[in-house]
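Only one structure is covered here, and it is reproduced in the block below.
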Amino acid sequence: MKSIFVTLLFTLFSVSVSAQNKTFQLSTHILDVSKGMPAAGVSIRLEKYNEPSKLWTFVDEKKTDSNGRIPDFLPAEKGNANTGIFRLIYYTNDYFKRDKIESFYPFIEVVFEIKDQNHYHVPITLSAYGYSTYRGS
């Protein structure tokens, strides 16, 4: 009887822990190549394009962590893909102003399309006068 109780308790604990671990369909990060370091504290806004109205709608806005990452845009739900055209807006002006660095780009917009339920990672490499982006993994 005791072993059944322990097994049941372990099963309930395992289910509750796994239920709290959400997976996300979109992540991003910024590497400041002029410093060779992540860009922490940068606000990034996520928007979705509405094709019929030709307007962008707000989805979420977050700040990069100490590793320059935002790992948790677009919660992934089984059977519900976050498909469509999205835009990440990286507000880089304040990041450079903190270090008293002149910058050419006050913000950077990256537009991309999600076509399935796969995870999409959209990083940028950044300097005061240039940037690059790619689809990461």
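Descriptive notes on the structure:
- Single residue of the range 65-79 satisfying the filter (under 18 Å from the mean Cα position of the chain (by Cα) and either farther than 14 Å from Leu26 by Cβ or free of Cβ contacts under 8 Å to residues at least 40 places away in the same chain (or both)) that is surrounded by the fewest Cβ atoms within 10 Å (Cβ to Cβ): Ser66
- In the condition set (1) touching a Lys or Arg at 6+ places or on another chain (Cβ under 7 Å); (2) exposed (fewer than 15 other Cβ atoms within 10 Å of the Cβ); (3) touching a residue at least 60 places away in the same chain (Cβ under 8 Å), Val122 is compliant with all but (2).
- When the test is whether a residue is surrounded by fewer than 16 Cβ atoms within 10 Å (Cβ to Cβ), out of contact with any Leu (no Cβ under 9 Å at 6 or more places or on another chain) and modelled with pLDDT of 95 or more, Phe107 passes it.
- Of all the criteria given as (1) surrounded by 11 or more Cβ atoms within 10 Å (Cβ to Cβ); (2) without any contact (Cβ under 8 Å) to a residue 12 or more places away in the chain; (3) among the charged types (D, E, K, R), the one not satisfied by Asp94 is (2).
The values are calculated or read from the model by the stated rules, or taken from the named source; none is laboratory data. Values in this document were obtained by computation on a predicted structure and should not be read as measured data. Don't worry about glycine lacking a Cβ; one is built from the backbone with ideal geometry, like all the others, and counts go over all protein chains shown.
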